[in-house]
Amino acid sequence: MPRVTVIMATYNWSTVLPYSIGSVLGQTFADFELLVIGDGCTDDSEWVVRGIEDRRVHWIGIAGTGHQSGPNNEGLRQARGEIIAYLGHDDLWLPHHLAQHVAALEAGHDITCSLAMFIGPDGSFQECPRPDPQRGSFMVPSAFAHRRTMTERVGGWRDFRELSISPEGELLLRAFAAGQRYQHVTRLTVVKFPASIRRDVYRQRPFHEQAAWLKRIRTEPDLEAILLGDLVAYPSRRVVSVTGRLWRLLRQPSRWLAFIWRKNGAAIRAWQRFKGVDHARGSAKRHSVGEQ
């Protein structure tokens, strides 16, 4: 049995999969299985995954559910590992990601979350805020790992249409309330490309950013230190990123009004429209693996 099960939810973005999967295969901790779960995919994602010659990589296709919660729950159902890790299909891991999480979980914790770097479409970057498990605040799923017994105890991922907060935040809040032990991993291990600030990304299906960053990950052994050093040395880059995101948010009333109204699922629906996912009933594009 593999020690770790990596769950990767995907929807109709086959061009990016070789890079996200490549970052998993480049982990220093190699005792894992990778379940790539297609959420009603209609493109060639299945064949891209099946063409990767590594027996640790598996394709699972399910009927579309409209959010990564569905594929994540299917992954939990089929997982063989005692530790669960998640990776967004357009995100990348640094090589030490799994090793750091496994070490933290082996130290007696049930849930771990490492540092993630948000990369803007203009090349700006910022460190993702750390989640607060007592408040159910936003958490980057790609930076999240837990013992399989955690979800066996508290249940899996809830449908976003039932929630006024993000499914990952709600899962973390539920786990904390059940007494599950949470630990920050004080290492940068994730490079994230938020689809929620990339208009129509699901229609255009680009992969140039992931290709360039995976090359850096493979060729720059000190990349973690370089990125953290840049955050200290060039704080203006963070300001550009934050103000840029705020400006885009203010220009999209459907997004910030969703936060004010707090209608269940409203914020994620608004993000999905911005990303180019058509949810019209009966459309082949109605399903999405949403990033928060």
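Collect the residues in the stretch 63-77 that are of a type outside the set (Lys, Arg), modelled with pLDDT of 95 or more and farther than 16 Å from SER20 by Cβ, keeping them in residue-number order.
Scanning the stretch 63-77 gives ASN73, GLU74, LEU76.
Against the condition open to solvent by 20 Å² or more (accessible area, probe 1.4 Å) and among the small types (Gly, Ala, Ser), how does GLY136 come out, does it pass?
No.
Sort out which residues of the stretch 103-132 are crowded, with 22+ Cβ neighbours inside 10 Å, more than 18 Å from ILE226 (Cβ to Cβ) and within 18 Å of the chain's Cα centre (by Cα), and write them in order of number.
ILE111, THR112, CYS113, PRO131
Return yes or no: is ILE52 farther than 25 Å from LEU173 by Cα and in a loop (DSSP other than H, G, I, E, B)?
yes
Report, by residue number, each residue of the stretch 156-177 that is within 17 Å of ALA145 (Cα to Cα), more than 17 Å from the chain's Cα centre (by Cα) and not basic (Lys, Arg).
LEU173, ALA175, PHE176
Please name all residue pairs, on different chains or six or more residues apart, with Cβ atoms under 6 Å, provided the first residue is in the stretch 149-177 and is free of Cβ contacts under 8 Å to residues at least 40 places away in the same chain and the second residue is open to solvent by 50 Å² or more (accessible area, probe 1.4 Å) and in a helix (DSSP H, G or I).
VAL154/ARG174
Quick check on this structure: which one of ASP90, ASP39 is touching a residue at least 12 places away in the same chain (Cβ under 8 Å) and closer than 20 Å to ALA211 by Cα?
ASP90
Within the stretch 69-105, track down each residue that is assigned to a helix (DSSP H, G or I), acidic (Asp, Glu) and closer than 30 Å to THR219 by Cα.
None - no residue of the stretch 69-105 is assigned to a helix (DSSP H, G or I), acidic (Asp, Glu) and closer than 30 Å to THR219 by Cα, so the list stays empty.
So if I check each of SER114, SER124, which one is touching a Lys or Arg at 6+ places or on another chain (Cβ under 9 Å), closer than 25 Å to VAL4 by Cα and touching a residue at least 60 places away in the same chain (Cβ under 8 Å)?
SER114
The values are calculated or read from the model by the stated rules, or taken from the named source; none is laboratory data. Please read these numbers as outputs of a predicted model, since none were measured by experiment. All Cβ positions, glycine included, derive from the backbone under ideal geometry; neighbour counts span all protein chains shown. Just so you know, the surface numbers come from the protein's heavy atoms only, side chains and all, with ligands and any DNA or RNA stripped out. Shrake-Rupley method; radii C 1.70, N 1.55, O 1.52, S 1.80 Å.
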